[in-house]
Amino acid sequence: MIKKSLYLCAFLAATCLPEMLIAQDSTQAEVAAVALETAAEATTALDSGNTAWMLTATVLVLFMTLPGLALFYGGLVRSRNVLSVLMHCFAIACLASVLWIAILYTMAFATGTSGWLGGFEHIGLKGINIDSMAGDFPETIFIMFQMTFAIITPGLIVGAFVERMKFSAILLFTALWLVLVYAPVTYWVWGGGWLFENGVIDLAGGIVVHATAGISALLLAKMLGPRDGFPNKLHVPHHPAMVMIGASMLWVGWFGFNAGSQLAANGNAGMTMLVTHISAAVASLTWMCLEWRINGKPGLVGIVTGMVAGLATITPASGNVGPLGAVCLGFLAGVVCYFACGIVKNKLKIDDSLDVFAVHGVGGIMGTILVAVFGTAVFGGTGVDDMVQQLSIQVKAVGAVVLWSIIATFVIVMICKFTTGLRVTEEVENTGLDQSEHGETAYQFE
């Protein structure tokens, strides 16, 4: 009986055990396959919330230029030149978009062989398709988001040469400036270049946008020469209401500019939005009070210019400061940028017509440097543990970018001077660029 039982057990083992082992191996293989698939999905999974926010932020930043900046600048010039300013902003937006797709994106964000310039594997967006990801949202959105920065940055420079520069020269200057200044500096700071490796802090463009545009605008205005009657003859803004409308659009769009640069819909983006708004409000009130005290009356153009100064100043620091730091930066922006406008025009005798350097350049540089102070825990900030070390990094980064912007801009201006020519004739300037350069008039009185 025992022998029969042993034989039965042996028979069952011989017939069933292999099948059990095969089934177990199959189950383990299936589990492993599922685990690998899950891991792969985890690394490339699209986050719909972040994707929706980045789509929104991209629209907001484009809204800053078209129509925000165009209306802001358009209202500040004389009526016979308003269409030329609108034309400049619109044409620059189109030109920058084409160049961004063709070569600028790969120069700024493709992996480079050195810390100075990105690679060229994405010329014409080669290798990028609908499945390409930038973190947890499509790379196509990241391309568009960064494109809007490349659009508004040369657009800011328009304010330095309004009412006197040839349209052909503007297009040539913009194209060369984007290639020689904007794309390399973007790679240095955001694309993994040498300043990025050194630990520089610039969330949304204190260096990349405002320092480059401000310095280049100042040099261009100097080399171009002043408008007729400068500085004794005052050119009053022809439409302050338009200025306010454009500035308000800039304020709204700036939330996409700064909070969108966090590249996620999270708590960091929320804090960035909050401090951005606080700085703008404080700077506006500070500028208004100064103007009220010095000139006797608070002006609409003044209060909105203070707002822009506050936004430019908080931009590089908005990812690291808290509300207290935002108040401090806003106050400093209102005071320093206000007096910088007078220094540029009255002391340096440079006709930076719409105060690009005094507002954007000074504000952006100041915010870039002072993030090392207000980003510390003492002021409610985060991300800055060693103030002295970070201050050294920020100052060196600003110095390098300012120097490069000066050198490259000088070369670009000389190229324009000997090809297209820089400045319109005196007759054209007196007639106005709207009719002379574009054959149109903003206001018809018939």
Options Asn50, Asn81: the member that is farther than 17 Å from Ile245 by Cβ and buried (at least 21 other Cβ atoms within 10 Å of the Cβ): Asn81
What about Phe357, is it among the aromatic types (Phe, Trp, Tyr) and closer than 22 Å to Pro184 by Cα? yes
Would you be able to tell me the number of residues in the range 396-425 that are surrounded by fewer than 17 Cβ atoms within 10 Å (Cβ to Cβ) and of a type in the set (Val, Ile, Thr)? 7
Residues being closer than 18 Å to Ala340 by Cα and either in contact with a strand residue (DSSP E or B) (Cβ under 9 Å, 6 or more places away or on another chain) or surrounded by 15 or more Cβ atoms within 10 Å (Cβ to Cβ) (or both) - total across the range 287-298: 5
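Filter the range 281-298 for residues that are of a type in the set (A, V, I, L, M) and more than 14 Å from Gly325 (Cβ to Cβ) and give the result.
Let us first name the residues in the range 281-298 that are of a type in the set (A, V, I, L, M), namely 281-283, 285, 288, 290, 294.
Within the range 281-298, Ala281, Leu285, Met288, Leu290, Ile294 qualify.
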Just one of the numbered conditions (1) more than 26 Å from the chain's Cα centre (by Cα); (2) in a loop (DSSP other than H, G, I, E, B) is not true of Asp352; which one? (1)
Show the residue pairs meeting these rules: Cβ distance below 8 Å; 6+ apart or different chains; first residue within the range 111-131 and closer than 24 Å to Glu197 by Cβ and in contact (Cβ under 8 Å) with a residue 12 or more places away in the chain; second residue among the polar types (S, T, N, Q) and loosely packed, with under 11 Cβ neighbours inside 10 Å. Gly119/Thr113
Selection from the range 144-197 of residues assigned to a loop (DSSP other than H, G, I, E, B) and among the aromatic types (Phe, Trp, Tyr) yields Trp190
Of the candidates Val413, Val424, the one satisfying the condition of being touching a strand residue (DSSP E or B) at 6+ places or on another chain (Cβ under 9 Å), under 18 Å from Arg164 (Cα atoms) and not polar (S, T, N, Q) is Val424
Against the definition (in a helix (DSSP H, G or I) and either in contact with a helix residue (DSSP H, G or I) (Cβ under 9 Å, 6 or more places away or on another chain) or without any contact (Cβ under 8 Å) to a residue 12 or more places away in the chain (or both)), how does Val200 come out, yes or no? no
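Could you grab me the full set of residues in the range 371-385 that are surrounded by fewer than 22 Cβ atoms within 10 Å (Cβ to Cβ), over 10 Å from Ile201 (Cα atoms) and not aromatic (Phe, Trp, Tyr)?
Taking the range 371-385 first, the residues surrounded by fewer than 22 Cβ atoms within 10 Å (Cβ to Cβ) are 373, 376-380, 382-383, 385.
The next check asks that each one be over 10 Å from Ile201 (Cα atoms); those that pass are 373, 376-380, 382, 385.
Val373, Thr376, Ala377, Val378, Gly380, Thr382, Asp385, listed by residue number.
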So which residues in the range 325-360 are small (Gly, Ala, Ser) and on the phi > 0 side of the Ramachandran plot, if there are any at all? none
Which condition does Ala57 not pass, out of (1) touching a helix residue (DSSP H, G or I) at 6+ places or on another chain (Cβ under 9 Å); (2) over 22 Å from Ala259 (Cβ atoms), if it passes all the others? (2)
Search the range 191-231 for residues being of a type outside the set (A, V, I, L, M, F, W, C) and more than 30 Å from Ala264 (Cα to Cα), and hand back the single one that is surrounded by the fewest Cβ atoms within 10 Å (Cβ to Cβ). Gly229
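Computed from the coordinates by the stated procedures, all read-outs in this text should not be read as laboratory data. Since we're looking at a predicted model, the values are computed, not measured. Here Cβ is always computed from backbone atoms with ideal geometry, including for glycine, and neighbour counts include all displayed protein chains.
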